[in-house]
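Read the structure below first, then the notes.
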């Protein structure tokens, strides 16, 4: 298995000069926690970074292949810049550097679901009934996974959906290479601005590929940290556990 870790975002909502993924959870930088848990699953790690992480790269360069995302154009673009390093013979996971509570067990469960269901893509999902800013997993009447709708583009009806997307995904061999470029086309799905990796679900579903989701029982373990308030919450959770 290969895992691509996305850590190029500026993290402007943290209101800090420190890169978001270098803020500490349980005394350890978020990105370090993610890499440690990914290393329990795979030795083939690819870290997508931006200039904000330059002063800290020495901490990770012995465990990760490094790819610079010079422009932050969205998650699809972040994955695409690593295309030359894709291992098309293996399953590939995409995880975020601001997912500090992700565990090796959850990652393994995601890959196992990919293999057992013979899916081409699996996204890590969770149930969350309160109003939120997470992407929604949209199913058709037969419960087939159709697409992921980003919260800011969701209709009022779609916002009522409680099945949410963590952003973490696993791909069968060759699938990322086959479809990632289709996510880079500016169209109505990404509104001409940010290029979303989540669009790959609808692209693959429409192409007849099997896509599915794997549900985490604890949403707190799989969501990202974007604000100081969320960072405080995660640290409180760590202390309680």
Once you wrap a convex hull around the alpha carbon atoms of the range 21-83, what is its projected area averaged over all directions, in nm²? 4.6
With springs only between Cα atoms under 10 Å apart, run a GNM on the chain and tell me which of 87, 15, 39 wobbles the most. 15
Across 146, 72, 131, the residue with the highest GNM fluctuation in the chain (Cα network, 10 Å cutoff) is 131
Binned at 5 Å from 0, what are the whole-percent values of the Cα-Cα distance distribution for the range 107-159, short to long? 4, 16, 24, 23, 17, 11, 4
Just the number, please: Stokes-Einstein D of the range 88-241 in µm²/s, Kirkwood Rh from C-alpha pairs, 25 °C, 0.890 mPa s. 151
Per the helix-only calculation at 222 nm, which mean residue ellipticity applies to the chain, given -39500 (n - 2.57) for every DSSP H run of n ≥ 4 and division by its residues, nearest 500 deg cm²/dmol? -6500 deg cm²/dmol
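Could you check what % of the DSSP bridge pairs in the chain are antiparallel, to the nearest 5? Before the final figure, lay out each step's value.
Details: 17 of 36 bridges.
The answer is about 45 percent antiparallel.
Ranking request for peptides 25-33, 117-125, 203-211, 3-11: highest mean number of other beta-carbon atoms within 10 Å first, then the rest in descending order. Mind showing how you got there, number by number?
Values: 25-33: 18.7, 117-125: 22.1, 203-211: 16.1, 3-11: 24.2.
Ranked from most to least packed, the peptides come out as 3-11, 117-125, 25-33, 203-211.
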Among 24, 116, 40, whose mean-square fluctuation peaks in a Gaussian network model of the chain (Cα, cutoff 10 Å)? 116
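Return the Rg/Rh ratio of the range 1-129 with Cα-based radii and a Kirkwood Rh. Could the numbers behind the result be given before it?
On the way: Rg = 14.5 Å, Rh = 15.2 Å.
Reported Rg/Rh, Kirkwood definition of Rh: 0.95.
FYI, it's all coordinate maths here, none of it is from the lab. These figures come from a predicted structure and were not determined experimentally. So basically every Cβ, Gly included, is an ideal-geometry build from the backbone, and we count neighbours across all protein chains shown.
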